[in-house]
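*Asks:* Quick one: the structure is below, and I'll ask about it shortly.
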Amino acid sequence: MTEMLPPCPECSGVYTYEMGALLVCPECGHEWSPAYAGPAGGAEDDGLIRDAVGNVLADGDTVTVTKTLKVKGSPSGIKAGTKVRNIRLVDGVDGHDIDCRIDGFGAMQLKSSVVRKA
């Protein structure tokens, strides 16, 4: 293999590999688009909020949860593939930058790194 793939923008892992149109980090499971430069490349400095694969999110978008999420007080959590409609982008706590309402759970805040634009 002569091509050098960029390190993971989440954990800086060097063992990234290509899977279809995405790059994947086997250490942390993060997936991103090769066009997405990540935090080190300044893509987050432009003030835009991006999903797990690098798509720009906007208020009112519909997103899909990419990982099963544990929710305090709920035995089942939020399953991967759950659609969330009409999101609002906020400057939240601990990286939670999406404010939304999920059927069966109510109002929640999510991280943009665990959703994909639908």
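*Asks:* Taking a virtual spin label 7 Å from the Cα of Ala80 along the C-beta vector, which residues in region 48-64 bring their backbone nitrogen under 15 Å of it?
*Replies:* What the label zone holds, given the 15 Å backbone N cut-off, is 52-53, 64.
*Asks:* Could you quote the convex hull projected area for the chain, Cα atoms only and averaged over all directions, in nm²?
*Replies:* 7.9 nm²
*Asks:* For the chain, with all protein chains present and a 1.4 Å probe, just round the carbon and sulfur fraction of the accessible area to a whole percent.
*Replies:* Using a 1.4 Å probe with all protein chains present, the chain comes out at 50 percent carbon and sulfur.
*Asks:* Calculate the all-directions average of the projected area of region 71-118's alpha-carbon convex hull, and give it in nm².
*Replies:* The number I arrive at for region 71-118 is 3.5 nm².
*Asks:* Further question on the same structure: Check the chain for me: any Cys whose beta-carbon has no other cysteine beta-carbon within less than 4.7 Å?
*Replies:* Those would be Cys100, since no other cysteine Cβ in the chain comes under 4.7 Å of theirs.
*Asks:* Net charge around Thr66, counting only other residues with Cβ within less than 14 Å of its Cβ (Lys, Arg = +1; Asp, Glu = -1)?
*Replies:* +4
The values are calculated or read from the model by the stated rules, or taken from the named source; none is laboratory data. The shown structure was predicted, so the numbers you read here are calculated from the model rather than taken from an experiment. Cβ coordinates were reconstructed from backbone atoms using ideal geometry, including for glycine residues, and neighbour counts include every protein chain displayed. Side chains included, ligands, DNA and RNA excluded: accessible areas come from the protein's heavy atoms. Shrake-Rupley method; radii C 1.70, N 1.55, O 1.52, S 1.80 Å.
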